[in-house]
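Participant: Let me give you the structure first, and then I'll get to my questions.
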Ligand SMILES: Cc1ncc(CO)c(N)n1
């Protein structure tokens, strides 16, 4: 695959080589902090979604293409206020209700992956994902909204916002009309952006998280299980995309970047409560 190196792009040599010891001086530190294994501006801290991932040129290409919106998304007011613990309840509730509805569609998208998949590993993993989505709903969403005095009935009858509907319509349309590879790429931003932001928030907030009302939310997305969900998707996409053409690859990059943009806007529209 020909590959033009863009400015600001992360070259493959900059990736943290988790299983090699390129530099004896950093090897001992790297045992505890793998992201420090290779001294490099991009990877010398935890704030990169490419750390602790298998070396995947596709993941690198996806992230590089989405990098600006990915990084801006982390700086946006909803995430900043959530980290500070100062996000208003009204905004968080709006988000939680929209996200509950979102997860219903998200589960359907995974059911369609399962229906279309030929590979047993993918079919079996989709069963686990359904269970994980149900857990995410009951252990985070239902707990929060009940704490805020909202009933299950109100949750189930909440109206999906125009933007949330546009977002889920897009992934459902890909799920109904496109092959498994495209659908996996369409859901990768959902898993990977949340796993990355969750981890960053939990590492950055440190001890302050204990008194943060949104701690439960951060904890679930900072969990290793959640990170492994993104790793599984990247590994599977890597295998399925082994022999695709450059123009098919461009199509996948477009699906991915659109997904990261939608993740950004899901939070910004919740911040605006619209
Ligand atoms: C909008 C959105 N994207 C991704 C996730 C992660 O499951 C979520 N809960 N909500």
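Participant: Is it true that some residue in region 238-250 is in contact with a helix residue (DSSP H, G or I) (Cβ under 7 Å, 6 or more places away or on another chain) and closer than 22 Å to residue 73 by Cβ?
Facilitator: Step one: filter region 238-250 for residues in contact with a helix residue (DSSP H, G or I) (Cβ under 7 Å, 6 or more places away or on another chain), giving 238, 240-241.
With closer than 22 Å to residue 73 by Cβ added as a condition, the list becomes none.
No, there is no match, as no residue in region 238-250 is in contact with a helix residue (DSSP H, G or I) (Cβ under 7 Å, 6 or more places away or on another chain) and closer than 22 Å to residue 73 by Cβ.
Participant: Continuing with this model, one more query. Considering only residues of region 241-257 that are surrounded by 18 or more Cβ atoms within 10 Å (Cβ to Cβ) and assigned to a helix (DSSP H, G or I), which is farthest from the ligand (Cβ to nearest atom)?
Facilitator: Going through region 241-257, the residues surrounded by 18 or more Cβ atoms within 10 Å (Cβ to Cβ) turn out to be 241, 252, 255-257.
If we keep only those that are assigned to a helix (DSSP H, G or I) as well, we get 252, 255-257.
Working: 252: 19, 255: 15, 256: 14, 257: 15 Å.
Only one residue fits best here, namely 252.
Participant: Something else now. Suppose we filter 207, 153, 219 for residues that are surrounded by 15 or more Cβ atoms within 10 Å (Cβ to Cβ), closer than 24 Å to residue 89 by Cβ and modelled with pLDDT under 95; which single one remains? I'd like the intermediate steps shown before the answer.
Facilitator: Details: 207 fails: surrounded by 15 or more Cβ atoms within 10 Å (Cβ to Cβ); 153 fails: surrounded by 15 or more Cβ atoms within 10 Å (Cβ to Cβ).
The conditions single out 219.
Participant: Hey, another quick one. With region 91-208 as the region, which helices (runs of 4 or more DSSP H) entirely inside it contain at least 3 residues that are within 28 Å of residue 71 (Cα to Cα) and within 12 Å of the ligand (Cβ to nearest atom)?
Facilitator: Answer list for region 91-208: 120-136, 162-177, 180-205.
Participant: Which condition does residue 215 not pass, out of (1) out of contact with any helix residue (DSSP H, G or I) (no Cβ under 8 Å at 6 or more places or on another chain); (2) free of Cβ contacts under 8 Å to residues at least 12 places away in the same chain, if it passes all the others?
Facilitator: (1)
Participant: Which of the numbered conditions does residue 274 fail, given that it passes all the others? Conditions: (1) modelled with pLDDT of 95 or more; (2) within 16 Å of the ligand (Cβ to nearest atom); (3) outside any helix (DSSP H, G or I).
Facilitator: Just one mismatch for residue 274, condition (1).
Participant: Condition check: surrounded by 15 or more Cβ atoms within 10 Å (Cβ to Cβ), modelled with pLDDT under 95 and within 16 Å of the ligand (Cβ to nearest atom). Does residue 48 satisfy that? Even if it seems obvious, please write down each step before you answer.
Facilitator: Numbers: surrounded by 15 or more Cβ atoms within 10 Å (Cβ to Cβ): yes; modelled with pLDDT under 95: yes; within 16 Å of the ligand (Cβ to nearest atom): no.
So residue 48 fails the test.
The values are calculated or read from the model by the stated rules, or taken from the named source; none is laboratory data. The structure displayed is predicted, hence computed values, not measured ones. Glycine also receives a Cβ, built like all others from the backbone with ideal geometry; neighbour counts cover every protein chain displayed.
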